[in-house]
Amino acid sequence: AQSVAQPEDQVNVAEGNPLTVKCTYSVSGNPYLFWYVQYPNRGLQFLLKYITGDNLVKGSYGFEAEFNKSQTSFHLKKPSALVSDSALYFCAVSSNAGNNRKLIWGLGTSLAVNP
Amino acid sequence: DTGVSQDPRHKITKRGQNVTFRCDPISEHNRLYWYRQTLGQGPEFLTYFQNEAQLEKSRLLSDRFSAERPKGSFSTLEIQRTEQGDSAMYLCASSSPDINYGYTFGSGTRLTVV
């Protein structure tokens, strides 16, 4: 069965420091991996995705993520955090196995960037 | 087309009443998904349409829940005899057949059952 784990409920970083939000996954077939962000009382906004190609994926707002097949991970990173990055971050996975294009979601990680 | 639209944004209803939510996906997207999200949790899958066909329905979706997408365009999600446990954000998303583009989410409908 497909699954996604976000091992940290909350991540706290100081503004200007690098941030990492962790995600590991389990799928059959090749993974399609996504990061979404959710601000309070808002819907989910797409940040970036990995489908194929370069393992380092660059996305919106200066975020990037690195696909690591051997570790089955897709950690979200940003070199220098902003207070405005404070939000809920969700990792999601699908696969090319079968015709099911349903995304499986992690439970989310709350990122707090302190001034 | 400015994205996925959901209506209403907020709904407060008394326990036992029926409610209906609407989702208008991006026009060229043939796949439409309903999710439910409670505070501090990730989205929980409810159901999924490809065009007008409902291809999958979660076990979370009790008999009180029904969803339709009659012409393969907009979709409705109805909850009958609402219970306080139904209080949540109901999210709609759409996608093209090519998963490379991921989902586009609407802003959600927040349901409060009192």
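The values are calculated or read from the model by the stated rules, or taken from the named source; none is laboratory data. The shown structure was predicted, so the numbers you read here are calculated from the model rather than taken from an experiment. Cβ sites come from the backbone with ideal geometry, for glycine too, and all protein chains shown count toward neighbours.
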| request: Determine, yes or no, whether A:GLY29 is under 22 Å from B:PHE45 (Cβ atoms) and exposed (fewer than 12 other Cβ atoms within 10 Å of the Cβ). | output: yes
The residue from B:LEU39, B:LEU55 that alone is more than 10 Å from chain A (Cβ to nearest Cβ) and free of Cβ contacts under 8 Å to residues at least 40 places away in the same chain is B:LEU39
- So is B:GLU78 more than 14 Å from every other protein chain (Cβ to nearest Cβ), farther than 19 Å from A:GLY43 by Cα and in contact with a strand residue (DSSP E or B) (Cβ under 9 Å, 6 or more places away or on another chain) or not? yes
If you go through A:TYR36, A:TYR32, the only one that is of a type outside the set (Val, Ile, Thr), more than 21 Å from A:ALA112 (Cα to Cα), in contact (Cβ under 8 Å) with a residue 24 or more places away in the chain and part of a strand (DSSP E or B) is A:TYR32
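Can you find a residue that is away from chain B (no Cβ under 14 Å) and either more than 21 Å from B:CYS92 (Cβ to Cβ) or in a strand (DSSP E or B) (or both) anywhere in segment A:94-107?
Looking through segment A:94-107, none of the residues is away from chain B (no Cβ under 14 Å) and either more than 21 Å from B:CYS92 (Cβ to Cβ) or in a strand (DSSP E or B) (or both).
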Scanning segment A:39-63 for residues that are among the polar types (S, T, N, Q) and not in a strand (DSSP E or B) gives A:ASN41, A:THR52, A:ASN55, A:SER60
Condition set surrounded by fewer than 12 Cβ atoms within 10 Å (Cβ to Cβ) and assigned to a loop (DSSP other than H, G, I, E, B), scope segment A:1-15, selection farthest from the chain's Cα centre (by Cα): answer is A:ALA1
| said: Among the residues that make up segment A:24-32, is at least one of them more than 14 Å from every other protein chain (Cβ to nearest Cβ), within 16 Å of A:ASP9 (Cα to Cα) and in contact with a Ser or Thr (Cβ under 9 Å, 6 or more places away or on another chain)? | reply: yes
Note on segment A:1-58: residues β-branched (Val, Ile, Thr), modelled with pLDDT of 90 or more and in contact with a helix residue (DSSP H, G or I) (Cβ under 9 Å, 6 or more places away or on another chain) are A:VAL13, A:VAL37
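Mind listing whichever residues of segment B:58-71 are touching a strand residue (DSSP E or B) at 6+ places or on another chain (Cβ under 8 Å) and modelled with pLDDT under 90?
Listed by number, the residues that qualify are B:SER58, B:LEU60, B:LEU61.
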Note to self: I'd like to know if segment A:39-47 contains one or more residues that are in contact (Cβ under 8 Å) with a residue 24 or more places away in the chain and crowded, with 19+ Cβ neighbours inside 10 Å.
What the structure shows: yes
Out of (1) at pLDDT below 95; (2) in contact with a Phe, Trp or Tyr (Cβ under 8 Å, 6 or more places away or on another chain); (3) over 30 Å from B:ALA88 (Cα atoms), the one A:LYS69 does not meet is (2)
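Of all residues in segment A:64-85, how many are within 14 Å of the chain's Cα centre (by Cα) and assigned to a loop (DSSP other than H, G, I, E, B)?
Of the residues in segment A:64-85, 1 are within 14 Å of the chain's Cα centre (by Cα) and assigned to a loop (DSSP other than H, G, I, E, B).
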Does segment A:61-83 contain any residue that is farther than 11 Å from A:TRP35 by Cα, at the interface with chain B (Cβ under 10 Å from one of its Cβ atoms) and crowded, with 21+ Cβ neighbours inside 10 Å?
no
